[in-house]
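K.L.:
Let me give you the structure first, and then I'll get to my questions.
The values are calculated or read from the model by the stated rules, or taken from the named source; none is laboratory data. Predicted, not measured: the structure shown is a model, and the values here were computed from it. Backbone-built Cβ (ideal geometry, glycine too); neighbour counts: all protein chains shown.
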Amino acid sequence: MIGKKREREDPEVGGAGMADIAFLLLIFFLLVTTIDVDTGIGLQLPPAPEEDQEPPPIKKRNMMKILVNAQGQVLMGTEETQPTPVTQVKRNLKEFITNRGQDPNLSDNPDKAIVSIQTQRDTPYNVYINMLDEVMGAYAELRNQAAQSNYGVPYDRLEEGSERHEKVKDMYPKKISIAEPNQ
Amino acid sequence: MGHFEKKSAKTSQDVPTSAMPDVVFMLLIFFMVTTVLREVTLQVKVDFAKAENIEKIEQKRLVSYIYVGPQKLSGNKLGPTKIQIDDSIIDDVSAVRNIMYDKLREQPKLIVSLRVHDEAEFGKITDIQEELREAGTLRINYSTKQEVN
């Protein structure tokens, strides 16, 4: 009888080692984890062209052509004679988008404005990225202004997917077209 | 007076440690969830371009990477510009289409992150983009680092 009682005394598993095991695993995952976030410029490619599909007609004034040539020069607009400094791209674009029909060479309204990006085979990648950065910057600033004047908060403070966010987004839709490569 | 002092000295001075495993487990679970156990050995050299207006990719699991840059050769030498997907160098650009198409079927919300050496020329990217369009993976992201002014 006494012996049986002793066996029943401590049926629990010792829990003291659990902390050690957990620590070991914790240290492993701490070492393996990289918390750096991926950052970059997002873009939506156009779907693959179907055969003998005509491009939709677009008024010339609603399309801003940006050509980055092999020498790393940025040529904006239809004349494409004088290279534009990359730092100027943002200002020109904002002018183009917010024209609202005033200047006959610039866009009718922000909704119709299209930015067409053209590159050549030898275009340096970093110039292209700088140019794209400026284009994104132009839209970011315009959206920020719209959010600021309509709702009094910066654009990135508006909740993603909310009605206000969508409204500002629709005010200045990002229409960036990547031209078919020409040889 | 002396009587009181003696009494207070008797109280236990240990910090209770019984909740420590819980705390550690919580941290453990956090790190387990955030860890992505996938490392790629880069066979091409990639120095990121820098930009100001960048966005974050929150869901790393959706991302598939394409590396473009000069191939690393033995003895710190750099070869011609090559494309690397996962762990292998791809010589034929048209292979990109099939690889990405398969990945897209596994993950319909796939984002293709292009990690390109900043001195590369754009022709290679144009080729890749054409292949991506054919494959139907239209969401891309040019990987850049934050520019510090």
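K.L.:
Would segment A:106-113 turn up any residue that is away from every other protein chain (no Cβ under 14 Å), of a type in the set (Ser, Thr, Tyr) and part of a loop (DSSP other than H, G, I, E, B)?
P.N.:
Yes, there is a match, as at least one residue in segment A:106-113 is away from every other protein chain (no Cβ under 14 Å), of a type in the set (Ser, Thr, Tyr) and part of a loop (DSSP other than H, G, I, E, B).
K.L.:
How do the strands (runs of 3 or more DSSP E) wholly within segment A:37-102 filter down when requiring 3 or more residues that are without any contact (Cβ under 8 Å) to a residue 24 or more places away in the chain: which remain?
P.N.:
Ranges flagged: A:38-44.
K.L.:
Do any residues in segment A:148-175 that are closer than 23 Å to A:Leu45 by Cβ have Cβ atoms under 7 Å from those of residues that are small (Gly, Ala, Ser), where the two are at least six apart or on different chains, and which pairs are they?
P.N.:
Between residues of segment A:148-175 that are closer than 23 Å to A:Leu45 by Cβ and residues that are small (Gly, Ala, Ser), the close pairs are A:Tyr172/A:Ala146; A:Lys175/A:Ala113.
K.L.:
In segment A:37-64, how many are more than 10 Å from every other protein chain (Cβ to nearest Cβ) and within 17 Å of B:Ile111 (Cβ to Cβ)?
P.N.:
Number of matching residues: 0.
K.L.:
Moving on to the next point. Can you say whether A:Pro57 is within 30 Å of B:Lys60 (Cβ to Cβ), surrounded by fewer than 12 Cβ atoms within 10 Å (Cβ to Cβ) and modelled with pLDDT of 75 or more, as far as the supplied structure shows? Quick ask: steps written out before the conclusion?
P.N.:
Values: within 30 Å of B:Lys60 (Cβ to Cβ): no; surrounded by fewer than 12 Cβ atoms within 10 Å (Cβ to Cβ): yes; modelled with pLDDT of 75 or more: yes.
No: the conditions fail for A:Pro57.
K.L.:
Next question. Out of A:Pro85, A:Pro124, which single residue is more than 14 Å from chain B (Cβ to nearest Cβ) and either closer than 19 Å to B:Phe122 by Cα or surrounded by fewer than 17 Cβ atoms within 10 Å (Cβ to Cβ) (or both)?
P.N.:
None of the others qualify; the one that does is A:Pro85.
K.L.:
What are the residues in segment B:115-130 that are surrounded by 21 or more Cβ atoms within 10 Å (Cβ to Cβ) and not in a loop (DSSP other than H, G, I, E, B), if any?
P.N.:
Residues satisfying the conditions are B:Arg115, B:Val116, B:Phe122, B:Ile125, B:Ile128, B:Gln129.
K.L.:
Which numbered condition trips up B:Gln13, out of (1) in a loop (DSSP other than H, G, I, E, B); (2) buried (at least 16 other Cβ atoms within 10 Å of the Cβ)?
P.N.:
B:Gln13 satisfies every listed condition except (2).
K.L.:
Another question, if that's okay. Among the residues of segment A:127-158, which ones are more than 16 Å from A:Asp170 (Cα to Cα), small (Gly, Ala, Ser) and within 11 Å of chain B (Cβ to nearest Cβ)?
P.N.:
A:Gly137
K.L.:
Would a scan of segment A:31-43 turn up a residue that is over 27 Å from B:Leu114 (Cα atoms) and aliphatic (A, V, I, L, M)?
P.N.:
No, the conditions are met nowhere in segment A:31-43.
K.L.:
Return only the number of the condition from (1) at pLDDT 85 or above; (2) of a type in the set (Ser, Thr, Tyr); (3) out of contact with any helix residue (DSSP H, G or I) (no Cβ under 8 Å at 6 or more places or on another chain) that B:Ser94 does not satisfy.
P.N.:
(3)
K.L.:
Give B:Leu138, B:Leu104, B:Leu110, B:Leu132 a once-over and let me know the one that is within 8 Å of chain A (Cβ to nearest Cβ), more than 20 Å from A:Tyr125 (Cβ to Cβ) and not β-branched (Val, Ile, Thr).
P.N.:
B:Leu138
K.L.:
Picking from B:Ser18, B:Ser8, which residue would you name as being at pLDDT below 80 and in a loop (DSSP other than H, G, I, E, B)?
P.N.:
Selected residue: B:Ser18, the only one of B:Ser18, B:Ser8 that is at pLDDT below 80 and in a loop (DSSP other than H, G, I, E, B).
K.L.:
May I ask you to list the residues in segment A:152-166 that are part of a helix (DSSP H, G or I) and closer than 17 Å to A:Glu141 by Cα?
P.N.:
A:Tyr155, A:Asp156, A:Arg157, A:Arg164, A:His165, A:Glu166
K.L.:
Can you name the residue in segment A:94-118 that is under 19 Å from the mean Cα position of the chain (by Cα) and over 21 Å from A:Lys167 (Cα atoms) and is also surrounded by the fewest Cβ atoms within 10 Å (Cβ to Cβ) among such residues? Before you say what the answer is, go through the steps one by one.
P.N.:
Looking only at segment A:94-118, we keep the residues that are under 19 Å from the mean Cα position of the chain (by Cα), and these are A:94, A:97, A:110-111, A:113-118.
Subset that is over 21 Å from A:Lys167 (Cα atoms): A:116-118.
Values: A:Ser116: 15, A:Ile117: 18, A:Gln118: 18.
Out of the qualifying residues, it is A:Ser116.
K.L.:
Then there's this: Any chance you could count how many residues in segment B:92-114 are over 22 Å from A:Tyr128 (Cβ atoms) and assigned to a helix (DSSP H, G or I)?
P.N.:
Number satisfying all stated conditions: 10.
So that you can scan it fast, the table gives a plain yes or no per residue for (1) surrounded by fewer than 18 Cβ atoms within 10 Å (Cβ to Cβ); (2) within 26 Å of B:Arg115 (Cα to Cα); (3) at pLDDT below 85:
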| residue | (1), (2), (3) |
| --- | --- |
| A:Tyr128 | no, yes, no |
| A:Leu132 | no, yes, no |
| A:Ala140 | no, yes, no |
| A:Gln148 | yes, no, no |
| A:Gly152 | yes, no, no |
| A:Leu158 | no, no, yes |
| A:Glu166 | yes, no, no |
| A:Pro173 | yes, no, no |
| A:Pro181 | yes, yes, yes |
